[in-house]
Every structure is written in structure tokens, then in C-alpha cells.
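Enquirer: Shown below is the structure under consideration.
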Amino acid sequence: MKEVLLVTGSSGIAAATARMWATENPVFVVGINKEEGRSLTTELGEAGFATADVRDESAVRDAVAACQERFGRIHALFNVAGISARSAGDGPLHECKSEAWDTVMDVNAKGTFLMCREVLGVWTKNSQPGVILNTGSVLARHPQPDHFATAGYAASKGAIEAMSLAAAAYYAPYGIRINVIAPGLVRTPMSARVQANARITKYMTHKQPLTKGLLSPEEIARTACFLLRNDSSPITGQVVTVDGGWAVSA
């Protein structure tokens, strides 16, 4: 039986994973950018797309229902959709603006919660096993104060970790696995600020020595696909860091 993946986001890591998954199995993309999402799904063959803001409960409900209507089943969920709130005023805690904190928690933590809750509701109702992979960040456990002092973003990713581990313990008896992938700095639209900063990109050649700089979306997608497939069936409740050496480098 083909395994249907529902993925949130339509660029960067989400797009790379969708392309990789689609070589063998169907993909349903949920994203806020209608044009980008539809463009991506035209590449994927057996695929579907729904426009939704992951902060919107009714939109999330409709998107999950659309995936079920298109494919009849959801086997795996990969929550990638998220933001950096630096432009809204995220930064060191004493400087972090309330608007930035609220926005990044709303999109990253609440958005992941709403998608998980909706899909888990379907699986438990149908006594169906499944796998969820949520996206954390190396910054949740391995902060870097000079160039990446964003307290709100780190907190939102820490919340995702805590929620995922608590849920993994609860749903394991149902045959449902829940893990977190915690990337280092990846070359995506969200990291455009860093990519344009020569000082930071030079620093990243030492901070992520295995890749000598920013990771590619495909490097994250390969691990994501493994964790989402049945190949990783004994694994649940884990935070898997894919960071090019960030956590062990100065």
C-alpha cells in the first residue's frame, strides 16, 4: 500500500521532502502560498494541495479533510510550516517584542499543535497507526548568542519538542509514533538574512563544519523521509538533530 504524506509548507525543507517522498508515494501539501503550493504539486505527480494558515482551526480541519477526500487515508504528517519573527522584533529576551513572541508562538507552536490534533483525531477514531514528524530547531537546545539570539523562536521550538515527547508517550500504545527533527541552519527562504550576511556565513563554515556552511534542504529531507517511513518503526519520542556539527562546535 502506498503511504500518503501530508506536509505543511511549500518551500525549503517542506518542498524538498515532498519531492523526495513523491518519487514513490503520494503527497498532500498544505500551505499558505496558493501559487507556490500549486506550482510544487504540479511537479509531484500523485499529489494534492490545500491552502491553509496553520493557525486557523477551521482551515486546518478543512485541509486534513481534503487530504482524506483526495487519497482516502493519511499515513504520515510532517509539520514544517513556520516562521522567524526577527522582523517583528524577536531577539534577546529583554528586547523581544510581545508582538514577535505572540506571532512566532502562534505560527510555530500552535500551528503544529492544531495539525497534530486534527490528524491524531482521525487516527484514533479509525484505530489507525501513523507517524508524525514535527520540526524543531537546534536553537532550542544549543543556543548561539552572537548571531542567533531569538528568544521567541527558540521558545516556540522548545514548546514543539515538549509537546511532541508528551504526545509520543501517550500515543505509543495506539501504534502512533511522534518524533522531532531539529535542523541546524538550512539554506531556505527563512534564512535569507543570514545568507546575505558575509560575516555570519563565514562563521557558519566553522559552526557547521560537516557541511562547511549552511545545510541544504535535501540533507534535512533525507532524514525526514527516513523518520516518516515504516523503516524507522521502532523510533518514537526522539529529537533527532541534523545540524552539520552545530551542537558540538564553538
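Enquirer: Does any residue in the stretch 238-250 that is at pLDDT below 95 come within less than 8 Å, Cβ to Cβ, of a residue that is crowded, with 17+ Cβ neighbours inside 10 Å six or more places away or on a different chain, and which pairs are these?
Expert: ALA250/LYS207
Enquirer: A further question follows. Looking only at the stretch 232-246, how many residues end up being of a type in the set (Gly, Ala, Ser) and exposed (fewer than 14 other Cβ atoms within 10 Å of the Cβ)?
Expert: 1
Enquirer: Select from the stretch 26-45 the residues that are part of a loop (DSSP other than H, G, I, E, B) and without any contact (Cβ under 8 Å) to a residue 40 or more places away in the chain and write down the one among them that is farthest from VAL131 (Cα to Cα).
Expert: ASN33
Enquirer: Consider only pairs whose beta carbons are under 7 Å apart and that are at least six residues apart or on different chains; among these, list those whose first residue lies in the stretch 146-158 and is β-branched (Val, Ile, Thr) and whose second residue is in a helix (DSSP H, G or I).
Expert: THR150/ARG86
Enquirer: State all residues of the stretch 65-99 that are closer than 17 Å to PRO26 by Cβ, out of contact with any strand residue (DSSP E or B) (no Cβ under 8 Å at 6 or more places or on another chain), of a type in the set (D, E, K, R) and not in a loop (DSSP other than H, G, I, E, B); if no residue qualifies, say none.
Expert: Result: GLU69, single match.
Enquirer: Within the stretch 190-207, can one find any residue that is surrounded by fewer than 15 Cβ atoms within 10 Å (Cβ to Cβ), more than 30 Å from ASP102 (Cβ to Cβ) and within 21 Å of the chain's Cα centre (by Cα)?
Expert: Among the residues of the stretch 190-207, not one is surrounded by fewer than 15 Cβ atoms within 10 Å (Cβ to Cβ), more than 30 Å from ASP102 (Cβ to Cβ) and within 21 Å of the chain's Cα centre (by Cα), which makes the answer no.
Enquirer: Restricting the stretch 115-138 to residues that are touching a Gly at 6+ places or on another chain (Cβ under 9 Å) and in a helix (DSSP H, G or I), which is nearest to ASN197 (Cα to Cα)?
Expert: Among them, the one singled out is VAL138.
Enquirer: Does LEU6 qualify as being in a loop (DSSP other than H, G, I, E, B) and touching a residue at least 24 places away in the same chain (Cβ under 8 Å)?
Expert: no
Enquirer: Could you figure out which of (1) surrounded by fewer than 24 Cβ atoms within 10 Å (Cβ to Cβ); (2) closer than 24 Å to SER216 by Cβ; (3) of a type outside the set (Ser, Thr, Tyr) isn't true of TRP101?
Expert: (2)
Enquirer: What are the pairs, 6+ residues apart or on separate chains, where a residue within the stretch 192-215 that is more than 20 Å from SER11 (Cβ to Cβ) has its Cβ under 9 Å from a residue that is part of a helix (DSSP H, G or I) and of a type in the set (Lys, Arg)?
Expert: Short answer, once both residue conditions are applied: ILE200/ARG193.
The values are calculated or read from the model by the stated rules, or taken from the named source; none is laboratory data. What you are looking at is a predicted structure, and each value in this text was computed from that prediction instead of being measured. Positions of Cβ are backbone-derived with ideal geometry, glycine not excepted, and every protein chain shown enters the neighbour counts.
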